[in-house]
Amino acid sequence: MATEKPALALLACRHGHSVGNAARADALQRGLLEIDSPLSDAQFPLTGYGRLQADALGRTIAALPASERPTRIICSPHLRALETADGIIRQLPGVRMDFSLDARLRPKSFGVLERLTDLGVQHRFPHLAAQRKEIGRFHFCPPGGESRCDVVLRVRECLREWQSRAGEERILLVTHQVVINALDFLLGSNRANAMATDADGWVPNAQIFRYRLGEAAMADTVRLVRDIPVAA
């Protein structure tokens, strides 16, 4: 008789509010064609508010029972995720927690459309805007970039690796919006989420999701860290 595999306890959070988030919001508000910043996507740091969110995430995790607290952090190599992980770890003095990077937790690559707003895509690459509309965002892959389907496949590869360690580790992922969307697509009860539509899935900064990977996978929101006073 086959023995049932233990479930893998997995937490995942989006990084705190970043300079890139602020730059994109400013570009949209001003009707710009692209984000106005000299930094590459991988170089965007957290804002002051984002650092407060990272600290709050750490306090939230520190308050979990020891049996639920992560034993390993796996982090995207992008600076805003690294700074979020650092803020979390600083709130857990004396707690042993392994740390590793995984490039598969990076955001989606937009290739030639990198840094462009929707208005910028329509203005500079109208043929790609039309192609994206025709085939849908899940399968659309810009030159030099990735489709949402590509992200789902790399996240699925990660899940298979992590599930082999079920019962040995409790993992916290520090990652990006599209990876959270991919996790929900793969593990959530509602597959018709933002990954499968033309909408941009919006995951608030510093929101924690909990997943259990076993015979029956499930996902739920644990806690939302937000509305942190800037002066705190």
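Restrict the check to segment 109-129 and report whether at least one residue is closer than 30 Å to residue 166 by Cα, in contact with a strand residue (DSSP E or B) (Cβ under 7 Å, 6 or more places away or on another chain) and buried (at least 18 other Cβ atoms within 10 Å of the Cβ). Looking through segment 109-129, none of the residues is closer than 30 Å to residue 166 by Cα, in contact with a strand residue (DSSP E or B) (Cβ under 7 Å, 6 or more places away or on another chain) and buried (at least 18 other Cβ atoms within 10 Å of the Cβ). Of these, 66, 54, 62, 81, which one is buried (at least 18 other Cβ atoms within 10 Å of the Cβ) and over 30 Å from residue 120 (Cα atoms)? After ruling out the rest, the residue left standing is 54. Give me the residue from segment 65-77 that is in contact with a strand residue (DSSP E or B) (Cβ under 9 Å, 6 or more places away or on another chain) and not β-branched (Val, Ile, Thr) and, out of that set, farthest from residue 17 (Cα to Cα). It comes out as 67.
Within segment 161-172, being closer than 14 Å to residue 211 by Cα and either out of contact with any Leu (no Cβ under 9 Å at 6 or more places or on another chain) or among the charged types (D, E, K, R) (or both) holds for 169, 170.
No value in this document is a laboratory result; all are computed from the given coordinates. Please read these numbers as outputs of a predicted model, since none were measured by experiment. Because the Cβ atoms are built from the backbone with ideal geometry, glycine has one as well, and the counts that use them run over all protein chains shown.
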